[in-house]
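So the structure is just underneath, and the comments pick up after that.
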Amino acid sequence: MTTAKRLKVAVLFGGRSVEHEVSVRSARAVIAALEACGHEAIPVGVTHAGGWRTGLPAERMLGDEAADGGWSADFLLVPDPQLAGLAAPGAAGAWARLPVDVVFPLVHGSGGEDGTLQGLLELAELPYVGSGVGASALGMDKRLQRRLFRAAGLPVVPTVEVRRSQCEADGKGVERRILSAVGLPCFVKPAASGSSVGVVKVKSEADLAGALAEACRYDAWVLAEPALAVRELESAVLGNEDAAATAPGEIVPGREFYDYRAKYLEDTSRLLLPAPVPAECAAAVREMAVAAFQCLGCSGLARVDFFLENGTGRLYVNEINTLPGFTSISMYPRLWAATGWPPERLVQRLLDLALAAHADRRRNERVLPGGGR
């Protein structure tokens, strides 16, 4: 399914999560690609406080990530399919409509790629880029996705799962459990956070309590895993049922590990395209990337991250990101660019996939035979 029609595309960006600024940068790149394709991009910014902005306020957010205070809400996404897009309350209960053909969500982190925004779009019956409610929720939750990967026979590193309430009630007991199960050094991370926010590498027992406290700031579940000596590989997946994956790229962090600063604030990390790995390893990465994508029931796009253990050559699925960044230095668009797909071609394909997925969802019967419900 390919459309040559000029589409009105609502680009949702910003949000209340710690990945707000990354989302703004992604939106700039996607809007440029949409305009290069001949589509009309409608910026819709979600402020740090959760307010929705269109028009000049949204454009200001794209230019100045901090300048979102003092603006009144204008348009909202209303969960009413009869409104077919954005709407604003008017006089005497009437609604002013701003129709859109498809939504391109770029709100990273919680409230954007965790299934909550996708649920709102489903209620509004709007086509949108990316995975549906269930796959988005699983893609955000590393704890649950790893359980599913194990069940599907995909290799993942050993993981200890801990509740925040357990850390607060019996911190020393949690520390003993982690030290016994995964040892040192280890990584401690929130189960549902992105861009390596809240991830701490723990090298000594004395630092474990602080790492747990940091991870607990961002989620009610915390994961601990051994800090293996590994190379970091990533593959980009594109498609619905017919998903395909790119050859892997390798991240060489400019810091001790690929944390938030290394990803977005410092220009010291390197991306090797293609990754200098044996052909059989590259083939395994592509196969496992598609398998992980299908395991969670993803659609549209995802980036799958891997660990390649030094010495043993073991390959582990680290995590899947169902709404990867689209910034100028983000891995997802760069991996596809290396295969000959410039941003405008990639964005057009994602719109086609969104419309196809929406058409398939609309085939689902909502009324029982005979008119019963």
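Values quoted throughout were computed directly from the atomic coordinates according to the rules given, and no laboratory measurement underlies them. Owing to the predicted nature of the structure, the values given are computational and were not obtained by experimental measurement. So basically every Cβ, Gly included, is an ideal-geometry build from the backbone, and we count neighbours across all protein chains shown.
If I take R0 = 25 Å and measure r between the Cβ atoms of residue 97 and residue 361 in this structure, what FRET efficiency does the formula 1/(1 + (r/R0)^6) give, to the nearest 0.05? Present the calculation step by step, with values, prior to reporting the outcome.
Working: r = 22 Å, r/R0 = 0.89.
Here the calculated transfer efficiency is 0.65.
Rounded to the nearest Hz, the phi-derived 3J(HN,Hα) couplings of region 289-302 under the Karplus curve 6.51 cos²θ - 1.76 cosθ + 1.60 (θ = phi - 60°) are 5, 5, 4, 5, 4, 6, 4, 8, x, 6, 8, x, 8, 6, where x marks glycine and proline. The base-10 log of I(q)/I(0) for region 8-129, evaluated at q = 0.19 Å⁻¹, reads -1.02 [Debye formula, identical scatterers on Cα atoms, solvent excluded].
Using equal-weight Cα scatterers in the Debye expression, the normalised intensity of the chain in log10 at q = 0.07, 0.08, 0.10 Å⁻¹ is -0.32, -0.42, -0.65. For residue 275, the residues 5 or more places off, or on other chains, whose built amide H falls under 5 Å of its own are 249, 250.
Tell me the net charge near residue 284. Cut-off is 15 Å between Cβ atoms, residue 284 excluded, with +1 for each Lys or Arg and -1 for each Asp or Glu. The partial results should precede the final answer.
Values: positive: 231, 286, 314; negative: 234, 250, 280, 287, 305, 309.
Its environment carries a net charge of -3.
On the beta carbon distance between residue 206 and residue 170, with R0 = 25 Å, the FRET formula returns roughly 0.85.
One chain, two ends: residue 284 and residue 339. Fully extended at 0.36 nm per residue, the span grows by 18.0 nm beyond their Cα-Cα distance.
Helix 171-181 and the longest principal axis of the C-alpha atoms of the chain enclose an angle of approximately 70°. Per-residue ellipticity at 222 nm computed for the chain from its helices equals -10000 deg cm²/dmol, with DSSP H segments shorter than 4 residues left out and the rest contributing -39,500 (n - 2.57). When each of 216, 281, 298 is scored by the number of other beta-carbon atoms lying within 10 Å, the sequence from fewest to most is 281, 216, 298. Between residue 49 and residue 76, the C-beta separation translates, for a Förster distance of 22 Å, into a calculated FRET efficiency of about 0.95. Charge tally around residue 185: other residues with Cβ under 9 Å, Lys/Arg +1 each, Asp/Glu -1 each, net +2.
Rounded to the nearest Hz, the phi-derived 3J(HN,Hα) couplings of region 358-365 under the Karplus curve 6.51 cos²θ - 1.76 cosθ + 1.60 (θ = phi - 60°) are 5, 4, 5, 5, 6, 6, 5, 5, where x marks glycine and proline.
The long axis of helix 20-36 is offset from the longest Cα principal axis of the chain by roughly 50 degrees. Principal axis analysis of the Cα atoms in region 160-226 yields extents of 26, 24, 17 Å, listed in decreasing size.
Counting only GluC sites (Glu not before Pro) that DSSP places in a loop and that have at most 15 other Cβ atoms within 10 Å, the longest clean stretch of the chain runs over 1-124. Note on region 264-334 and region 198-236: Cα centroid distance 19 Å, given to the nearest whole angstrom.
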